[in-house]
Amino acid sequence: MTLLMGGNFNYLAPELFDGEPADFRSDMFSLGVTAFHMVTGHLPYDTTDPARIMKQVRTAPLPDPGKLVKNLPRHLGEFILKACEKDPDQRFQTPDAARQWLADRTAAASGNRASPTPARAVHTLVRLALDARGTDNITVVVTQKKPLLKG
């Protein structure tokens with residue numbers, strides 16, 4: 001059997017290395033790794049060897065971003081860790097579940113009960129990541145035929 005895989009191995013979910021089909025949960029893993037990279041400034045596993053990356057993604061625990069970035073909001077670190085669970089059944093199961101989880105924790109942290117729209121969820125995730133890195137000069141534009149927000 002030949003397995004052809006595209007993409008950067010750092011961002012691929014562990015189950016994809018076993019030939020399982022991609023679904024939202026594997027996309028969530030990729031988002032979690034992207035968020036990890038955004039807040040820490042590096043990828044979770046420090047190697048460029050594809051075989052070692054595959055092994056680490058499948059077996060090594062994701063480093064806790066909250067231990068690497070001192071001012072990381074707790075709920076952002078928890079989001080990243082949940083998104084990057086090795087077992088896809090332990091990750092967010094739907095886009096709505098991920099959005100609601102993030103909205104609930106962000107609202108609890110800020111005391112604001114804002115509606116969990118897709119644009120607001122993405123904006124919140126990106127803003128938290130940038131705040132943790134000490135970056136505050138950026139415009140975030142989420143598009144669906146037209147810009148939804150700038151922040």
Unmet criterion (only one of (1) surrounded by fewer than 18 Cβ atoms within 10 Å (Cβ to Cβ); (2) more than 24 Å from Phe9 (Cα to Cα); (3) at pLDDT 70 or above) for Asp131:
(3)
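Yes or no, residue by residue, for (1) at pLDDT below 90; (2) charged (D, E, K, R):
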site	(1), (2)
Asn8	yes, no
Leu12	no, no
Glu20	no, yes
Phe36	no, no
Ile53	no, no
Ala60	no, no
Leu68	no, no
In segment 38-51, how many residues are surrounded by 12 or more Cβ atoms within 10 Å (Cβ to Cβ) and either touching a residue at least 24 places away in the same chain (Cβ under 8 Å) or within 14 Å of Ala13 (Cα to Cα) (or both)?
7
Residues satisfying the stated conditions in segment 91-107, i.e. of a type in the set (S, T, N, Q) and under 9 Å from Met28 (Cβ atoms)
Gln93
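The values are calculated or read from the model by the stated rules, or taken from the named source; none is laboratory data. No experiment lies behind these values; they were computed from the predicted model shown. When we count neighbours, we look across all protein chains shown, and the Cβ atoms used for this are built from the backbone with ideal geometry, even at glycine.
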